[in-house]
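First the structure, in the form of structure tokens, and then the observations on it.
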Amino acid sequence: MTQAHDFWSRRKAAVQAEAEAEVIAAEDQAIAAQQAEFEEKSDAEILAKFNLPDPDQLQAGDDVSGFMAKAVPDRLRRRALRRLWRLNPVLANVDGLVDYGEDYTDAACVIENISTAYQVGKGMLAHIEALAAQAEEEQPEEDTAEPDADPELLEEPSPTPVVVAVAEDTEEVELAPTPRRMKFEFEG
């Protein structure tokens, strides 16, 4: 019973969504036809048709909601909003709460004619080599190894082998440590 109920609920919602989409499309088509008609008319004729004041003559406190109707052409709406933003100091001045209103470039911190040791493609390599050469020249020539030290102890230790005891044979087998690898098997 619930599957049939779910089907009919989804079907009813889909039919309703289609009907709403058709209504919206018809409204958009009517507005587009009206906008095409207004393209041929002058701004003064359009303002007279909608009984709106000249957007350039708006004063502080005037109502601009008439310009926000969908039927009013965008060019008149934009002129009214520009005038509103110029008149109203709250809209004209940024309050500092704009997330990206600051200058986040480093233009304020740039020093003219700065020299750096960085080289494109090489990085700081030449500077580091020069510092290493200077450190070698300053360091006195001394033998770092003690004369009685065993040379085998100075070498790096090799990785320790893994010892595996086999139960059948009591021999010990040495295996080198190997990295673990994933193995994929596909049934074909």
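Efficiency by 1/(1 + (r/R0)^6): what FRET value for A107 and L131, r their Cβ-Cβ distance, R0 = 22 Å, to the nearest 0.05? Working from the Cβ atoms, E equals 0.10. Computed over protein heavy atoms with a 1.4 Å probe, the accessible surface of region 1-67 works out to 78 Å² per residue. For the peptides 49-59, 73-83, 6-16, 177-187, the ranking by packing is 73-83, 49-59, 6-16, 177-187, with the highest mean count of neighbouring Cβ atoms within 10 Å listed first. For region 1-120, a/c is not less than 1.5, where a ≥ b ≥ c are the root eigenvalues of the C-alpha gyration tensor, and a/b does not top b/c. That puts it in the oblate class.
The values are calculated or read from the model by the stated rules, or taken from the named source; none is laboratory data. This is a predicted model, so every value here is computed, not measured. FYI the Cβ positions are ideal-geometry reconstructions off the backbone, even for glycines, and counts take in every protein chain you see. Protein only, heavy atoms only, side chains kept; ligands, DNA and RNA dropped before computing areas. Shrake-Rupley method; radii C 1.70, N 1.55, O 1.52, S 1.80 Å.
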